[in-house]
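The values are calculated or read from the model by the stated rules, or taken from the named source; none is laboratory data. Computed from a predicted structure; not experimentally measured. Virtual Cβ from ideal backbone geometry, glycine too; neighbours counted across all protein chains shown.
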Amino acid sequence: MSFTSILRSTALATLALSATLSSAMPINLRTQRLVARGDDVGKSCYPLTLDQAKQLPGWSKIEQYAKDTWGEGGVNLETNPSAYPDRGASACIGSSRIAVQYSEKPQCSTTKDEIHGTADGTTQEVKFKLDAGVSQTSTWTVTQSSSLTTGAKFGVSVGIPDLGLDASAETYFETTITDERSSSFSTTGSSMRGYELTYTNEPGKECKLTLETKSCTAGASGRAPIVATGVVWFNYEDKRAPIGHPEDGEHYKYAAFIDSILTPEERTLYTEFRGPINSQSKASYATNCVEKK
């Protein structure tokens, strides 16, 4: 059984409830889909400044590429020049689906409570009112900015694995993450509904419903890849031809394509985040009717 849904923040809450009345078939709500609530998401890409580009792990390779291709000498570097709007540079979210990892083993505890039904004096029917379904919430804090898009917002889906409540797959929540240290974001999903269960009581007996609650908590962390793409412009003080291709003629301006020069790893930095996850599962699994005392 799995919960498939969309992400939002620091506390994760999963609520699943099923009820069995006497010999009747159980009402199983564990497979209900979560409906996640999300904030307005940010853009997927933002303009990359020259200072931000210089933070890339492979920046030195771009400088070396320019020296090997066009030579040394007086040069001015820039990104996103107004004269070439179609040859700009950007920093983009590398993946909109981010799976978190637990940093510790989940700790769980279980409690049981009894719910008393409301008796109908005319028909001997006993009614139980229950909130049933699934809800999840998580809140996270950014511990490290990528330095490529500081302060920018990205729309992502955060995947939270099973916390020990019988969910066999990750639950994804849509949310917005801000690439800024100490900022926070959250995710919430819910399929909670109110239910009324009716049981025909026998004379002289009273019925109770047993509700089992399982609570789990664990610390977790994740990271969102921010990837640089586009062009860095090298504006030379003198006209020059490419060293390996003098037949191409002399020019002042040359474009170094980040994607061609650097590997994905060399042009990627990460926005890292962490936080506690809390989950809760509630299941009413049996009705017990006993003689009145």
Go through (1) at pLDDT below 90; (2) in contact with a helix residue (DSSP H, G or I) (Cβ under 9 Å, 6 or more places away or on another chain); (3) among the aliphatic types (A, V, I, L, M) one by one and return the number of the condition ILE115 breaks.
(2)
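Give the residue that is modelled with the highest pLDDT, with candidates limited to residues of segment 282-292 that are within 29 Å of THR188 (Cα to Cα) and out of contact with any Pro (no Cβ under 8 Å at 6 or more places or on another chain).
Checking each candidate, the answer is LYS282.
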Somewhere in segment 34-54, is a residue under 23 Å from ARG193 (Cα atoms), at pLDDT below 95 and touching a Pro at 6+ places or on another chain (Cβ under 6 Å)?
no
Restrict the check to segment 189-211 and report whether at least one residue is at pLDDT below 75, assigned to a strand (DSSP E or B) and under 14 Å from the mean Cα position of the chain (by Cα).
yes
What pairs can you find where one residue is in segment 63-84 and in contact (Cβ under 8 Å) with a residue 40 or more places away in the chain, the other is among the basic types (Lys, Arg), and their Cβ atoms are less than 8 Å apart, with a gap of 6+ or different chains?
TRP70/ARG240; GLY71/ARG240; GLY73/ARG240; PRO81/ARG87
Segment 248-281, residues that are part of a helix (DSSP H, G or I) and modelled with pLDDT of 95 or more:
ILE258, ASP259, SER260, ILE261, GLU265, GLU266, ARG267
Top-ranked residue of segment 259-279 - restricted to ones that are aliphatic (A, V, I, L, M) and out of contact with any Gly (no Cβ under 6 Å at 6 or more places or on another chain), ranked as surrounded by the fewest Cβ atoms within 10 Å (Cβ to Cβ):
ILE261
Failed item, numbered, when THR178 is tested on (1) of a type in the set (Ser, Thr, Tyr); (2) surrounded by fewer than 18 Cβ atoms within 10 Å (Cβ to Cβ); (3) out of contact with any helix residue (DSSP H, G or I) (no Cβ under 6 Å at 6 or more places or on another chain):
(2)
All but one of (1) outside any strand (DSSP E or B); (2) modelled with pLDDT of 95 or more; (3) not β-branched (Val, Ile, Thr) hold for SER23; state the number of the condition that does not hold.
(2)
Hey, among PHE173, PHE128, which residue is in a strand (DSSP E or B) and modelled with pLDDT of 80 or more?
PHE173
Kindly list the number of the only condition in (1) over 30 Å from GLU63 (Cβ atoms); (2) among the aliphatic types (A, V, I, L, M); (3) without any contact (Cβ under 8 Å) to a residue 12 or more places away in the chain that fails for ALA241.
(1)
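Where in segment 46-112 are there strands (runs of 3 or more DSSP E), lying fully within it, with 2 or more residues that are buried (at least 18 other Cβ atoms within 10 Å of the Cβ) and in contact with a helix residue (DSSP H, G or I) (Cβ under 7 Å, 6 or more places away or on another chain)? Steps first, please.
Working: elements: 75-78, 89-93, 97-99.
Output list reads 89-93.
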